[in-house]
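The next block holds one structure in the form of structure tokens; read it before the comments.
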Amino acid sequence: MSIQGLPKDKTEMADDYNERGISFFNLRKYPEAIQNFTKAIKIVGTDPDYYHNRGLAYYSMKMLENAIKDYRKAVEILPDNADYHNALGAALEDSGDLDGATSSFAEAIELEGDVPDYYYNRGNVLWKKGKHDLALEDYSKAVQLNSTDQIFLYKRFLTYMDLERYEEALKDIDALIGLAPGSTMYIAHKARILMLMGKKSEAKEFLLDFKKHQDLDDTLSKILEDLQ
């Protein structure tokens with residue numbers, strides 16, 4: 001006998017359907033993936049991974065109501081799995097339930113407080129709710145846990161800009177330029193920050209120095225033209 005008191009061949013059959021579902025999912029054949037995950041669930045209805053996997057397929061098809069239902073079932077079966085709470089939070093956020101999403105991401109963080117993505121995800125929801133100071137705390141925690149992920153730094157940079165905390169925004173954009181020296185978007189951001197700080201001559205010098213190593217695109221050329 002195997003899990004849930006089912007014969008071993010039953011659980012193996014369910015696992016086989018689940019693996020097939022994963023294969024279809026990886027090929028982005030989501031309807032076929034859902035069909036196989038559903039077959040696995042019909043055989044073993046107590047495995048949270050099956051519901052989570054089917055939820056991912058529903059989510060990929062933007063069938064949010066179905067995804068949320070499956071994610072909730074996975075959480076119900078195994079409430080101490082942080083990934084399930086995180087997945088539920090993402091679906092709730094996309095459905096417009098920002099309070100529910102905040103709570104789900106908070107649950108994920110409570111279970112695993114060293115995963116930067118959970119803080120980043122909650123930060124995005126808090127930012128949408130207009131709680132920019134709290135969002136900033138979460139983005140900062142994500143950066144603390146992984147300072148090489150550009151998206152974490154970039155969202156914190158944008159939040160600093162929104163709060164008009166230009167000195168701190170400048171530090172983040174410098175860090176981003178360090179990670180991606182050839183990014184004209186980051187270069188443009190730095191030039192604009194310097195202009196907002198009243199440092200036009202420094203912005204001009206910065207762009208001219210960058211021009212020595214790389215051609216300016218239309219955006220950077222326009223900024224330099226405005227600084228002449």
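The values are calculated or read from the model by the stated rules, or taken from the named source; none is laboratory data. Owing to the predicted nature of the structure, the values given are computational and were not obtained by experimental measurement. Here Cβ is always computed from backbone atoms with ideal geometry, including for glycine, and neighbour counts include all displayed protein chains.
Please specify each residue of the range 144-171 satisfying the condition of being among the β-branched types (Val, Ile, Thr) and surrounded by 21 or more Cβ atoms within 10 Å (Cβ to Cβ).
159
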Inside the range 69-86, the number of residues satisfying the requirement of being farther than 23 Å from residue 147 by Cα and under 16 Å from the mean Cα position of the chain (by Cα) is 2
Condition check: among the acidic types (Asp, Glu), in contact with a Lys or Arg (Cβ under 6 Å, 6 or more places away or on another chain) and closer than 28 Å to residue 104 by Cβ. Does residue 133 satisfy that? no
Say whether the condition of being basic (Lys, Arg) and crowded, with 23+ Cβ neighbours inside 10 Å is met by at least one residue in the range 51-61. yes
Could you say whether any residue in the range 192-203 is closer than 30 Å to residue 82 by Cβ and not in a helix (DSSP H, G or I)? no
All but one of (1) in contact (Cβ under 8 Å) with a residue 24 or more places away in the chain; (2) of a type in the set (Asp, Glu); (3) surrounded by fewer than 15 Cβ atoms within 10 Å (Cβ to Cβ) hold for residue 209; which doesn't? (1)
Name the one entry in 18, 26, 66, 53 that is more than 24 Å from residue 145 (Cβ to Cβ) and in contact with a Gly (Cβ under 7 Å, 6 or more places away or on another chain). 53
Is the range 97-106 home to any residue that is buried (at least 19 other Cβ atoms within 10 Å of the Cβ), more than 16 Å from the chain's Cα centre (by Cα), assigned to a helix (DSSP H, G or I) and modelled with pLDDT of 95 or more? no
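One line per residue, one yes/no per condition, for (1) part of a loop (DSSP other than H, G, I, E, B); (2) modelled with pLDDT of 95 or more; (3) aromatic (Phe, Trp, Tyr):
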site	(1), (2), (3)
11	no, no, no
20	no, yes, no
36	no, yes, no
50	no, yes, yes
53	no, yes, no
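Output the residue which, of all residues in the range 149-181 that are assigned to a helix (DSSP H, G or I), touching a Phe, Trp or Tyr at 6+ places or on another chain (Cβ under 8 Å) and among the hydrophobic types (A, V, I, L, M, F, W, C), is farthest from residue 127 (Cα to Cα). Quick ask: steps written out before the conclusion?
Going through the range 149-181, the residues assigned to a helix (DSSP H, G or I) turn out to be 150-162, 166-179.
The next check asks that each one be touching a Phe, Trp or Tyr at 6+ places or on another chain (Cβ under 8 Å); those that pass are 151-152, 155-156, 159-160, 166, 168-169, 172-173, 176-177.
Now drop any that are not among the hydrophobic types (A, V, I, L, M, F, W, C), which leaves 151-152, 169, 173, 176-177.
Values: 151: 15, 152: 13, 169: 16, 173: 19, 176: 21, 177: 24 Å.
Ranking the candidates gives 177 first.
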How many residues does the range 182-191 contain that are of a type in the set (Ser, Thr, Tyr) and either outside any helix (DSSP H, G or I) or under 24 Å from residue 114 (Cβ atoms) (or both)? 1
Please go through the range 38-48 and pick out each residue that is assigned to a helix (DSSP H, G or I) and of a type in the set (S, T, N, Q). 38
